[in-house]
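Below is one structure, written out as structure tokens; comments come after it.
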Amino acid sequence: MARITIIGSGNIGFSLAKGIAQAGIYSAADITLTRRSLQSLERESAAGFSVSADNVTAVLGAEIVVLAILPQQAKLVMQEIRSALRPEQIVVSVISGVSCVDMRAVLGEQTTIVRAMPNTAIAIGQSMTCVTTDRATQDEVAIVEKLFNTVGSVVVIQEELMTAATALCACGIAFFLRSIRAASQGGVEIGFHAHDALKMAVQTAKGAADLLLQMQSHPESEIDKVTSPKGCTIAGLNEMEHHGFSSAFIKGIKLSAQKAGGLYDE
């Protein structure tokens, strides 16, 4: 029976497992989730997943091994499981800032590695996941795409863009959340109660995103539709730009990309 093992079953690992099981790619019983303590896996076990505190044993029967761990844990975990890996297994890395070359230096040159970078919207099946590899075949990449398509959208990119994808998509969740928080605070200042202001800001942001997705349009073309000569919208936009709104956003993404590229070495 084919199995998949997810090492490091935090929010991303557990969300991926639920998406895969709900899609019927693997049954819950054929998905093994690991953590250091079995007591930390009670919700996973209750949901019907196999659980283990032994990474080596969990790897042995799997055709796919997902590493959903922190960069600082990566080397130790890879050293722990490398003797149990087989060349025919696909290792899927959800580790920020660790290249395929870095991983093979620990796991062995024969290891097939596909990297994936989802974001925390994976918890509701709305992740933007970027997938990449340096040596895996198209069929092997397609297998990984299929897994992550169960929890959102997937784009296959070149590996040199993976740290950039981390900044734009994974870190980007926090950037957009902060902008929604700022909008709600502005709403309070102009007269709304906090709970109403937040609800209005959230729905407005969701509407803006859905508008672009469904209309397949460019943000500026939609902005043009809501700005009129001497109007209130263009006045507000220009005031934000005078204070560096776009510049600050861009600089934040660039700095996050720079930081993401060095996580494995810290």
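The values are calculated or read from the model by the stated rules, or taken from the named source; none is laboratory data. Note that the structure is predicted; figures quoted are calculated from it, not measured. Using ideal geometry, Cβ is built from the backbone for each residue, glycine included, and neighbour counts are taken over all protein chains shown. Note: accessible area is taken over every heavy atom of the protein model, side chains too, but ligands, DNA and RNA are not part of it. Shrake-Rupley method; radii C 1.70, N 1.55, O 1.52, S 1.80 Å.
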Send over a whole-number figure in Å² for the accessible area per residue of the range 168-211, probe 1.4 Å.
71 Å²
Given the range 1-113, report the % of alpha carbon pairs whose separation exceeds 21 Å.
29 percent
Computing the accessible area with a 1.4 Å probe over protein heavy atoms, can you report the carbon and sulfur percentage for the chain?
58 percent
Charge dipole (debye, nearest 20) of the chain; +1 at Cβ of Lys and Arg, -1 at Cβ of Asp and Glu:
420 debye
Nearest 0.05, what FRET efficiency do Gln110 and Ala47 give at R0 = 41 Å with Cβ-Cβ as r?
0.75
GNM on the chain, C-alpha springs below 10 Å: top fluctuator among Gly97, Gly187, Gly61?
Gly187
The size of the Cβ-based charge dipole (Lys, Arg +1; Asp, Glu -1) of the range 163-266 about the Cα centre, to the nearest 20 debye, is 100 debye
Projecting the Cα atoms of Val156, Met78, Val188 onto the charge dipole of the chain, where Lys and Arg contribute +1 and Asp and Glu -1 at Cβ, the residue farthest towards the positive end is Val188
Which order do Phe175, Phe192 take by accessible area at a 1.4 Å probe, largest first?
Phe192, Phe175
What is the dipole size for the range 12-137, taken about its Cα centre, with +1 at each Lys and Arg Cβ and -1 at each Asp and Glu Cβ, in debye to the nearest 20?
200 debye
If you build a Gaussian network model of the chain, linking Cα atoms that sit under 10 Å apart, which residue out of Asn149, Asn238, Asn55 swings the most?
Asn238
If you count only protein heavy atoms and use a 1.4 Å probe, how large is the accessible surface of His195, to the nearest 10 Å²?
130 Å²
The chain: relative contact order as a whole-number percent, Cα under 8 Å and 6+ apart
16 percent
Taking Cα centroids, how far is the range 1-64 from the range 69-139 in Å?
16 Å
Taking only the Cα atoms of the range 88-159, how large is their convex hull per residue, in Å³?
81 Å³
If DNA, RNA and ligands are ignored and the probe is 1.4 Å, what is the ranking of Asp210, Asp30 by accessible area, most exposed first?
Asp210, Asp30
Could you name the aspartates and glutamates whose alpha carbon sits less than 13 Å from that of Lys75, not counting residues in the same chain fewer than 8 places away?
Asp102, Asp265, Glu266
Taking the Cα of Met200, stepping 7 Å toward and past its beta carbon, and measuring to each backbone N in the range 224-262: which are under 20 Å?
226-228, 231-240
Length added when fully stretched, Gln39-Ser246, from 0.36 nm per residue minus Cα-Cα
70.0 nm
Please report the accessible area of Arg86 (heavy atoms, 1.4 Å probe, ligands and nucleic acids excluded) in Å², nearest 10.
90 Å²
Ranking by accessible area, most exposed first, for Glu160, Glu109, Glu145 with a 1.4 Å probe
Glu160, Glu109, Glu145
